[in-house]
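Enquirer: Below is the structure I would like to discuss, written out as structure tokens.
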Amino acid sequence: MNIAIDGPAGAGKSTIAKRIAKELGYIYVDTGAMYRAMALFFIRKGVDPSATELIDTMCKDAQISIEYRNGEQVVVLNGENVNAFLRTEEVGNMASATSVNPNVRKKLVELQQELAAKNDVVMDGRDICTVVLPKAEVKVFLTAGSDVRAKRRYDELVAKGENPDIKKIEADIIERDNRDMNREVSPLKQAPDATFVDSSYMTIEEVVETIIGLTKK
Ligand code: DC
């Protein structure tokens, strides 16, 4: 059984997918974390996101695998657990830029399909319903207004003791959406057979119940 969830940055995909996986006893696969690990590899090597040919050849040197420790997904990059380095704006923006590369995508899509073939999964990302798991039993396009997504991110950063600029957060979100939706390879779009869920005015529980309801059906 595979549940596929696509949507833009900050729509709440990972929070929702994690809850569903826990309730149903499935494995949660965070594909964004794989693109972030690849981005971290390029940042550490000092590669410019516009150096497309270099990215194309160098991605072969990044060995990425996934392990599960205490139910948490651990991303291993060339033997190192890199989870602690993935959730920064710098890595997120680099992931958005380098994920346009077809070789980067090919490598990570194969890994994602392998995981889904062996396990019951809830997998989230940008191209899961359209490219990675087109035959998934449940497909959802989860979104929310850019202002709502910016506010959620703002609240997260404030809770961490930071003093962010909400306008800048929203501008970054809109820029990332544009890049993810307009790239040539596997752009973010709603699959025709995916259920559209706008979480702007829904609680986490309501979204989780909606998707579990689709799964039971
Ligand atoms: O979901 P996230 O913010 O962790 O994803 C980071 C970037 O990775 C996102 O801006 C685009 C890319 N990505 C992708 O191209 N395909 C996926 N399935 C998941 C993420």
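The values are calculated or read from the model by the stated rules, or taken from the named source; none is laboratory data. Because the structure is predicted, anything quoted here is derived from the model rather than measured. Ideal geometry is used to build each Cβ from the backbone, glycine not excepted, and the neighbour counts take in all protein chains shown. Heads up: the accessible areas ignore ligands, DNA and RNA and are worked out on the full protein's heavy atoms, side chains in. Shrake-Rupley method; radii C 1.70, N 1.55, O 1.52, S 1.80 Å.
Enquirer: How much mean residue ellipticity at 222 nm does the chain get from its helices, if each DSSP H run of length 4 or more adds -39500 (n - 2.57) and you divide by all residues, to the nearest 500 deg cm²/dmol?
Expert: Only helices count here, giving -15000 deg cm²/dmol.
Enquirer: Using +1 at the C-beta of Lys and Arg and -1 at the C-beta of Asp and Glu, which of Pro192, Val47, Asn163 has the Cα lying farthest in the positive direction of the dipole of the chain?
Expert: Pro192
Enquirer: Also, quick follow-up: Count the net charge of all other residues whose Cβ sits under 9 Å from the Cβ of Val208, scoring Lys and Arg as +1 and Asp and Glu as -1.
Expert: Spelling it out: positives minus negatives among the neighbours equals -3.
Enquirer: Now for a different question. For a quick check: with amide H placed at 1.01 Å from N, whose amide H comes under 5 Å from Tyr28's, ignoring anything fewer than 5 positions away on the same chain?
Expert: Long-range HN contacts for Tyr28: Val122.
Enquirer: Moving on. Reachable aspartates and glutamates from Lys45, Cα under 17 Å, same-chain residues fewer than 8 places away excluded?
Expert: Glu53, Asp56, Asp61, Glu80, Glu90
Enquirer: For the range 32-143, give the percent of accessible area contributed by carbon and sulfur heavy atoms, probe 1.4 Å, rounded to a whole number.
Expert: Roughly 51 percent of what the probe reaches on the range 32-143 is carbon or sulfur.
Enquirer: How much net charge surrounds Cys129 when only the other residues with a Cβ under 11 Å from the Cβ of Cys129 are counted, with Lys and Arg +1 and Asp and Glu -1?
Expert: 0
Enquirer: Just to confirm, what accessible area per residue do you get for the chain at 1.4 Å probe, in whole Å²?
Expert: Accessible area per residue: 51 Å².
Enquirer: Checking the table Lys60/Lys168; Lys13/Lys60; Lys107/Lys135; Lys135/Lys189 against a 24 Å threshold on Cα-Cα, which pairs fail?
Expert: Lys60/Lys168; Lys13/Lys60
Enquirer: Rg (Å, one decimal) plus Dmax (Å, integer) for the alpha carbons of the chain?
Expert: Over the chain's Cα set, Rg and Dmax evaluate to 16.6, 49 Å.
Enquirer: Below 16 Å, Cα to Cα, which aspartates and glutamates can Lys160 reach? Residues fewer than 8 away in the same chain don't count.
Expert: Glu89
Enquirer: While we're looking at this one, here's another question. Among 26-39, 90-103, how do they line up from the highest to the lowest mean number of other beta-carbon atoms within 10 Å?
Expert: The densest-packed peptide leads the list: 26-39, 90-103.
Enquirer: Peptides 128-139, 153-164, 199-210: what's the order by average Cβ count within 10 Å, highest mean first?
Expert: Final packing ranking: 128-139, 199-210, 153-164.
Enquirer: I would also like to ask the following. If you put +1 on each Lys and Arg Cβ and -1 on each Asp and Glu Cβ, how big is the dipole of the range 1-98 around its Cα centre, in Debye rounded to 20?
Expert: 320 debye
Enquirer: Continuing with this model, one more query. Once you sort the root eigenvalues of the Cα gyration tensor of the range 92-217 as a ≥ b ≥ c, which label holds: rounded (a/c under 1.5), prolate (a/b larger than b/c) or oblate (the other case)?
Expert: Cα axes put the range 92-217 in the oblate bin.
Enquirer: Could you grab the relative contact order for the range 83-217? Cα pairs under 8 Å, six or more apart, rounded to a whole percent.
Expert: Once normalised by length, the contact order is 31 percent.
Enquirer: Among Ala117, Ala191, Ala144, whose mean-square fluctuation peaks in a Gaussian network model of the chain (Cα, cutoff 10 Å)?
Expert: Among Ala117, Ala191, Ala144, the largest mean-square fluctuation in the Gaussian network model of the chain belongs to Ala117.
Enquirer: Hey, could you pull the Cα Rg and Dmax for the range 38-115, both in Å?
Expert: Cα only, the range 38-115: 12.4, 39 Å (Rg, Dmax).
Enquirer: Relative contact order (percent) for the range 31-163, with alpha-carbon contacts under 8 angstrom and 6 or more residues of separation?
Expert: 25 percent
Enquirer: Mind listing P(r) for the range 86-142? All alpha-carbon pairs, 5 Å bins, whole percents.
Expert: Values per bin, smallest distances first: 4, 16, 25, 22, 20, 10, 2.
Enquirer: Here is the link list: Lys22/Lys167; Lys118/Lys216; Lys22/Lys151. Which ones come out longer than 23 Å on Cα distance?
Expert: Lys22/Lys167; Lys22/Lys151
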